[in-house]
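These notes are about the structure you will find just below.
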Amino acid sequence: MDRITVLLVLLTTSASNASHSLALLSTYIEGETQFPKFSYTTSLDDITVGYYNSERYIPKGNMTNEDDVINSDYIKSVSDYMYNSFIRRSALFRKHNQNDGGPIDVYQTLVVCELLELNKPGKMLTKDAAGGCTTDELCYFNNNFTYTVTVNITQEKLKPHLEEFKKKYEHFFYKVCIDTLKKYLKKRQNEVNRKEKPKIKFIQKSNSDSGGFRVSCLATGFYPRHINLTLFRDGQPVADHEITGGDLLPNGDGTYQMRKSLEISAADKHKYTCSATHLSLDNKLDVTLESDPSEPFKSAILSVLIVLALVLVFGIGAFIYKWRKRRADSFRSVYSAASTSREDVETAT
């Protein structure tokens, strides 16, 4: 299970320069586990659209019929080819001792094709992994192949399979992937084209270890995933080596979040601004942090003083009210006694 997790992280990719992408992550497991021996997941951008469980292809999250998106013959052809490829690769790695043995061996392949702006086909990338490491990588773009081997198996050993794979790329895989990507985009356009604006918060907290402060810019709740989050000091971008964070993280509702933080001293008087640029925004969104880092404490002291002043005012007011009430009651008592005496005198007369 740990090895599977490592490979999933290892093989994750993003098509940052592409408009949209279609990715297929396949897994082959040798050994007894609770997972299928051979499976793959298909994703449109960051939306899972299908899953193959060694027996059949299962659509995910589709609101309409998508039987016309992926041809069942294509599914069988791709599945058979990838399965046979895994069999060959596992035998090759066992022969050259490139895995660590053990009861379970995991092999994975990630295939991604892209569409650029104006629906122009982009590159197609394939990454293979075994034993927790990327083994080789192939990129196809503008009819050119780039191939890289990253483990101690010479390219000559893989060359016969590589040439076969290149032919499959040119005459089958590339066309099928791009066509399928376009069809999925038509079916799932409401999902992939939705836009959620980021909510920006500029947070400042004291750092007891350094005696200074940590300022953090948090952007959350945005979609799609691509966002440009920048910290400025007096109008100039803060150097990357000063900033921590910046990882893109998923939220439970399908949106994303990103946080960038910066340590500053207690005597820092600079003006800090967090700026976000996103497809959902007409213009960049700026949030400013005031220059004096001690401002929260000043505000707290001011709040305390205001509360104390109010307590004092209400206390004095209550004292005056009670004093006046007591005086009025005393006056009424004297007046009542005087009136009673007068009446007694008049009665006696």
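Just a few scattered comments:
- With the simple spin-label model, which puts each label point 7 Å out from Cα in the Cβ direction, the Lys76 to Ile320 separation comes to 9.6 nm.
- With both labels modelled 7 Å from their Cα along Cα-to-Cβ, the Lys60 to Lys195 distance reads 2.7 nm.
- Using a Förster distance of 51 Å, the FRET efficiency for Ser206-Glu137 (Cβ separation, nearest 0.05): 0.65
- Count Lys and Arg as plus one, Asp and Glu as minus one, and take only other residues whose Cβ is under 10 Å from that of Leu285; the net charge is then +1.
- Volume per residue for segment 157-206 equals 142 cubic angstrom (convex hull of Cα atoms).
- If the segment from Asn119 to Glu164 were pulled out straight at 0.36 nm per residue, it would be longer than the present Cα-Cα gap by 13.4 nm.
- To put it simply, the accessible area of segment 22-149 at a 1.4 Å probe is 50 percent carbon and sulfur.
- Taking all protein chains as they are arranged and a probe of 1.4 Å, the heavy atoms of Thr134 leave approximately 30 Å² accessible to solvent.
- Partner lysines whose Cα lies under 23 Å from the Cα of Lys260, excluding those fewer than 8 positions away in the same chain, are identified as Lys195, Lys197, Lys199, Lys201, Lys205, Lys269, Lys271, Lys284.
- The residues Asp209, Asp45, Asp128, sorted by heavy-atom accessible surface at 1.4 Å with ligands and nucleic acids left out, run Asp209, Asp45, Asp128 from largest to smallest.
- The accessible-area ordering, largest first, of the residues His20, His171, His270 stands as His171, His270, His20, per a 1.4 angstrom probe.
- By accessible area with a 1.4 Å probe, ligands and nucleic acids excluded, highest first: order of Arg214, Arg56: Arg56, Arg214
The values are calculated or read from the model by the stated rules, or taken from the named source; none is laboratory data. All figures in this text were calculated on a predicted structure; none of them were measured in a lab. All Cβ positions, glycine included, derive from the backbone under ideal geometry; neighbour counts span all protein chains shown. The area values use the complete protein model at the heavy-atom level, side chains included, leaving out ligands, DNA and RNA. Shrake-Rupley method; radii C 1.70, N 1.55, O 1.52, S 1.80 Å.
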